[in-house]
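Below is one structure, written out as structure tokens; comments come after it.
The values are calculated or read from the model by the stated rules, or taken from the named source; none is laboratory data. Keep in mind the model is a prediction, meaning the values are calculated, not measured. Virtual Cβ from ideal backbone geometry, glycine too; neighbours counted across all protein chains shown. We work out accessible area using only protein heavy atoms, side chains counted, and drop any ligands, DNA or RNA first. Shrake-Rupley method; radii C 1.70, N 1.55, O 1.52, S 1.80 Å.
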Amino acid sequence: MTDKATLEYNGQKYEFPVIKGSEDELAIDIKTLRSATGGITTIDPGYKNTGSCSSAITFLDGEKGILRYRGYSIEELAEKADFLEVAYLLIFGELPNKEQLVKFHADIKEESHVDEEMKKILDSFPKSAHPMGVLSSLTSALIAFNPSTVDVSSEKAMYHAIVRILAKFPVLVAWTMRKKKGLPLDYGDDSLGYVENIHKMMFKKPTQTYQKNEIVIEALDKLLILHADHEQNCSTSTVRIVGSSHAGLFASLSAGISALWGPLHGGANQAVLEMLEAIEADGGDTKKYMAKAKDKSDPFRLMGFGHRVYKNFDPRAKIIKVAADEVLADLGIEDPILEIAKGLEKEALEDQYFVDRKLYPNVDFYSGIIYRALGIPTEMFTVMFALGRLPGWIAQWREMRLNNEPIGRPRQVYTGANSRGFVEVDQR
Ligand code: CMC
């Protein structure tokens with residue numbers, strides 16, 4: 001028997017089914033609200049209480065600090081899987097067997113070239129352009145070189161489109177950074193692993209042969225896994241809503257990259273590092289910045305703290321904090337910024353303002369410290385987030401299209417002027 005929720009308004013009662021997810025999450029299904037009530041809508045700015053879809057990809061419990069991809073805990077995946085396996089898992093629902101994984105990688109390699117004409121587009125950007133803007137534009141420009149729309153009723157066509165973007169996106173990421181650094185654009189090497197190849201494309205100097213560094217590749221792989229999906233966040237919802245108009249995969253991804261760019265979302269990793277550097281330059285007085293964060297007349301927020309869903313430790317932050325310690329020790333780097341971050345975290349966790357609001361470090365708080373140790377420029381941090389999030393966006397887009405979801409089109413409550421006559425310009 002389905003549970004029901006009753007809404008009473010103006011002496012009338014309306015019943016709505018309550019649906020239950022596989023982890024016993026409850027949701028009132030209000031699909032019939034407007035037709036049943038004669039046009040009453042709901043209002044929920046920021047969608048804090050609104051489920052936009054049913055999804056079988058990622059489960060997170062913000063109260064308990066749980067994150068699972070397709071049922072597997074983020075802790076286990078970060079420890080045992082590699083990024084390509086996780087990408088396959090997210091997109092197709094199951095971990096690949098050896099044969100599937102080898103084929104998946106081989107198919108990706110087959111598509112890992114980007115049309116040379118794309119270089120002209122990249123060339124036309126000033127060097128000062130932010131890499132996220134460049135990446136979003138290049139992803140959109142890819143459509144011009146791959147103009148056929150994906151036939152979503154064909155698994156084969158869908159698979160081909162997915163493989164194509166997983167192959168070409170890292171090239172765009174690497175080119176975006178090389179342009180910024182004034183390095184010649186490089187191509188990959190099919191004999192390397194997926195993440196190793198990304199690293200090579202980003203960092204190989206024209207005069208040197210590429211040397212693999214296990215510590216760096218492992219850290220990069222882990223960071224990409226931790227960022228790979230996070231259910232209906234701002235950029236993922238953007239990808240789904242753009243895709244719901246049947247705009248293509250590349251167009252939807254390009255929009256997702258723009259959404260991720262903002263400092264309240266993926267852009268926070270850059271903002272965290274800039275904040276930590278500013279605190280260091282200002283004498284390392286963390287208390288001063290804690291006070292600023294709590295002062296309601298000051299727009300400053302402690303970047304890397306707080307989360308819309310986690311009201312407990314972000315499980316990804318816990319893993320990244322340990323990884324940051326290990327990577328810095330393994331690479332023999334002493335970074336005063338890490339000490340400032342730890343000091344800030346300790347103070348925030350003991351501070352009543354942060355305790356009352358359940359503000360804990362999020363995924364972005366420590367990731368920038370590792371990126372910096374790996375030699376990735378600060379402006380590229382959010383690009384690295386996008387690289388990690390790519391499989392999640394693809395998985396969510398695919399699920400949305402396979403479920404044949406309707407076009408995303410929220411309602412509003414209009415609060416503007418009532419009907420009035422036009423006033424000629426000389427009478428205004
Ligand atoms: N520093 C100081 N106060 C904060 C912070 C912060 N970082 N985050 C939230 N608060 C306060 C906020 O002022 C509000 O206080 P009050 O109840 O007195 O008005 C209360 O906590 C609730 O905040 P909110 O803005 O209503 O919460 P939200 O769910 O709308 O926002 C958030 C979530 C992540 C945007 C926010 O916590 C924030 O701006 N954090 C800093 C930016 C950041 O680190 N973003 C990365 C998020 S994780 C990765 C990702 O999504 O990409």
inquiry  = Condition first: of a type in the set (A, V, I, L, M), open to solvent by 40 Å² or more (accessible area, probe 1.4 Å) and free of Cβ contacts under 8 Å to residues at least 40 places away in the same chain. Now tell me which residues in the stretch 9-61 satisfy that.
reply    = 19, 26, 27, 28, 30, 36, 40
ask   = Applying the selection to the stretch 239-259, what residues are open to solvent by 30 Å² or more (accessible area, probe 1.4 Å) and polar (S, T, N, Q)?
value = 245, 258
request  = Look at the stretch 197-237 and say how many of its residues are open to solvent by 30 Å² or more (accessible area, probe 1.4 Å) and among the polar types (S, T, N, Q).
outcome  = 7
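In the set 387, 349, which member is surrounded by fewer than 16 Cβ atoms within 10 Å (Cβ to Cβ) and not in a loop (DSSP other than H, G, I, E, B)?
Details: 387 fails: surrounded by fewer than 16 Cβ atoms within 10 Å (Cβ to Cβ).
Testing whether each residue is surrounded by fewer than 16 Cβ atoms within 10 Å (Cβ to Cβ) and not in a loop (DSSP other than H, G, I, E, B) leaves just 349.
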task = Within the stretch 263-296, work out how many residues are more than 18 Å from residue 372 (Cβ to Cβ) and within 12 Å of the ligand (Cβ to nearest atom).
result = 10
message = Just to verify a result, which residue in the stretch 277-299, among those that are at negative phi and not in a helix (DSSP H, G or I), is most open to solvent (accessible area, probe 1.4 Å)?
response = 296
Conditions (1) in a loop (DSSP other than H, G, I, E, B); (2) open to solvent by less than 60 Å² (accessible area, probe 1.4 Å); (3) more than 13 Å from the ligand (Cβ to nearest atom): number failed by residue 302 = (3)
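With 348, 373, 386, 323 as the choices, which residue is more than 30 Å from residue 246 (Cα to Cα) and within 16 Å of the ligand (Cβ to nearest atom)? Give the derivation first.
Working: 373 fails: within 16 Å of the ligand (Cβ to nearest atom); 386 fails: more than 30 Å from residue 246 (Cα to Cα); 323 fails: within 16 Å of the ligand (Cβ to nearest atom).
Matching residue, one of 348, 373, 386, 323: 348.
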query = Any residue at all in the stretch 357-379 that is among the small types (Gly, Ala, Ser) and touching a Lys or Arg at 6+ places or on another chain (Cβ under 9 Å)?
reply = yes
note = Exactly one of 376, 394, 370 is among the hydrophobic types (A, V, I, L, M, F, W, C), in contact (Cβ under 8 Å) with a residue 60 or more places away in the chain and surrounded by fewer than 24 Cβ atoms within 10 Å (Cβ to Cβ), and that residue is 376
key: Identity of the residue in the stretch 44-61, over 17 Å from residue 30 (Cβ atoms) and touching a helix residue (DSSP H, G or I) at 6+ places or on another chain (Cβ under 9 Å), that ends up farthest from the ligand (Cβ to nearest atom)   = 56
